[in-house]
1. Post the alpha-carbon centroid distance, the stretch 611-631 to the stretch 170-247, in whole angstrom.
2. Expressed as an acute angle from 0 to 90° and rounded to the nearest 10, what is the orientation of the C-alpha long axis of helix 169-180 relative to the principal long axis of the chain?
3. Could you calculate, for the stretch 626-720, the ratio of the Cα radius of gyration to the Kirkwood radius, expressed as Rg to Rh?
4. Given H placed on each backbone N at 1.01 Å, which residues far from T474 in sequence or on other chains put an amide H within less than 5 Å of it?
5. Can you tell me the orientation of helix 606-620 relative to the chain, as the angle in degrees between its alpha-carbon axis and the longest Cα principal axis, to the nearest 10?
6. Loop-only chymotrypsin sites (Phe, Trp or Tyr not before Pro) in the stretch 626-721, please: DSSP not H, G, I, E or B, and at most 10 other Cβ atoms within 10 Å.
7. For the stretch 626-720, give the magnitude of the charge dipole about the Cα centre (Cβ charges: +1 Lys/Arg, -1 Asp/Glu; no others), in debye to the nearest 20.
8. Report the label-to-label distance for D321 and L211 in nanometres (one decimal), using points 7 Å from each Cα along the Cα→Cβ vector.
Amino acid sequence: MERRAFIKTTGLIGGAYALAGQASMASIISPAETFWLDGPMRWAQLAFVERDPGHYDPDFWLSYFKRIHADGALLSAGGIVAFYPTKIPLHHRSDFMGNANTLGYLVEGCKKQGMKIMLRTDPHAARQEVYDAHPDWIAVTVDGQKRRHWANPDLWVTCALGPYNFEFMTQVNQEIMERFQPEGIFSNRWAGHDICYCEHCTTNFKTASGLELPKAINKLDPTYRKWADWRMKRLREVWSVWDAGIRNQKPTARFIPNGFPDKVMTGKEADLFFADQQARRGLMAPWSNGKGAKELRSTLGMKPLIGIFSVGIEEEFRWKDSVQSDAEIRIWVAEGTANGMRPCFVKFGGDIYDKRWMEAVAKAYEVYHRNEKYLRNTASMARVGVVYSEQTDRNYGGKPWQQKSSDHLDGMYHALVESRTPFDMVNDRLLSATDLKRFKLLILPNIAALSDSQCAQLQAFVDAGGSLVATFETSLYDEDGKQRPNFGLASLLGVAYNQKVEGPMRNSYLQLRPDATNSQTRQILKGLDDTPRIINAIYKVDVTPTAAFPSPITLIPTYPDLPMEDVYPRVAETDTREIYLRQVGKGRVAYIPGDLDRSFWQLLNVDHGQLLSNVVQWALDEQPIAAVTGPGVLDVNVWRQANSMTVHLVNLTNPMMMKGPFRELIPVDAQVSVQVPAGAKVTAVKLLMSDQKPKFESKNGQVFVSVPKVLDHEIVALDLA
């Protein structure tokens, strides 16, 4: 197994470790000290309940871990309940444990099997004895009441930003590290719930800002924004204190927070990360697990990313002792794996009522174990990057056309999945030439809040030959959410803001203007050439072109949709463009003034999806790294490994794709063509999940292979020489 040298770099929180060759190098750390970070590929999490000691069979779990080739274990240790004989006052020991050491037995068994150990704490709630001894540790509501736990009224919710975490949980971490010497501590629900008005938060926020705590969550309120910034700094301090204490006990160990409100900070400071994206709920798309992985990958790079998935039901009302369908589990795990996550199943409670999930997990893990070398990715091969913006999420909104702003990203994401375009996510605070050098195309789905320096970075990307697709109010606001008089990217987009957003545009249409002699128009209108018009988006920014543009798509303005006798266009056609296409040096720029991406997500209109796909392919202006044809909906991801290249096909074809668990898996076939890296020779092609060696053809730097059946997940692996 390949070992990597890690480089120690100075960071805010106890120092971070980056792969050799990255910036800010200091002293080289021995590979043996940090090798465990990149070791485990298949994790198992057992989240104890208080009654488990004496009621569950630990040897059953150890046997299952061995069967599925789990090489990492995430086990509950302390916080709300201690599952070992703690000596810390007020650290509640399980009432069912007696003289046993429930955690110790399982840790010892896992270590004998060669597994790495991460121990879990949960500091978000405490019992009455904690309240009685330290009422100041308990969170307080806006009306001054100590906060009872919302799900279990026997418990009290703790304040995450005060002494309970900084002092009490620091002691718990120290005791856990001393007794069990795990590879690290993972803390669940460590970051608090809503605004806390306890005496510590009131005093500390006043000292830091001179202000009283905000009375409500309102992201556009300046006081709330100051509180959100202060909260993030306090959480960084908690992370720093815990991580330093853990490393003091064991230098190679780490603190891993369950989530952090800043993904760039997470990517900078975390040497590995557990993504707690357990399952679908409500109307979540099945690709949501992959989307979360892509967002974290954009800041973590190739650091180990572990995806926690639940075998239980994660709807608003949770039934933790029941399980999801096999098909639903398999699709969720496949999405995570295809997007670079290492799987970690979580089972709540060691005493199992429903074992139906166990075969689905076992089969997936067994195949992943057999093909482990093809899952040790070294780089993504995607050439398309979709920008997402935490600062836009924080600082944008309030106006009618700015509601449901996350739908822009979801609509663009879904359009790319449907068009089978391999792509990655890009954090808008990581737009340097180094960050973007592997991309040919950046897509900005209403990235409204951008600083002047970010706009300059995007201009530099296009000047260097990159291409850009932007929608709606992209760059109309600065990084703090203050509206500009014109787009920050106005010169790049070739349009000026007319100080107006129109909509909702009821019964408005896009006029399609085909031109058989114009290759650009043919590409933009591909698949739409049998109709003169399609429905418009719901909102649009009113703009004036400042450069010359073609007119493949123009506006048909709103006209009445009732009464029936009045449903006819008052203006048959206009010369108002609804898409602006430019060649800028070696790059291409497309600006869509409508909320076409958000409208696609809300309506899932097939014409909108086709048009978005056409615009993306026009702007990319190169042969895709992998092209997949055939029926159904397939999510396509392409990765490079040390001596191979893989194309992941996740089959999302299902009537339950947008609601409710998959009942069954519906197989499809696919034809795949792959661009072979320059200088490499393909020596073999394998279908890893079905364990087949198909025939393949090599021609003009491409490999062509037919995949006879994709059930949930297939991996086309190319061995390279």
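Every read-out reported here was derived from the displayed coordinates using simple, explicitly stated rules and does not represent laboratory data. Remember, it's a predicted structure, so these values are computed and weren't measured experimentally. In this analysis, Cβ positions are derived from the backbone assuming ideal geometry, glycine residues included, and neighbour counts consider all displayed protein chains.
1. Centre-to-centre (Cα) distance: 44 Å.
2. 70 degrees
3. Details: Rg = 13.9 Å, Rh = 13.8 Å.
Rounded to two decimals, Rg over Rh is 1.01.
4. Counting only residues 5 or more places away or on other chains, the set is N446, I447.
5. 90 degrees
6. Details: sites: W639, F662, F696, F704; in loops: F662.
The qualifying sites: there are none.
7. Values: 9 positive and 8 negative charges, 33 e Å.
The dipole of the stretch 626-720 has a size of about 160 debye.
8. Result: 4.6 nm between the two label points.
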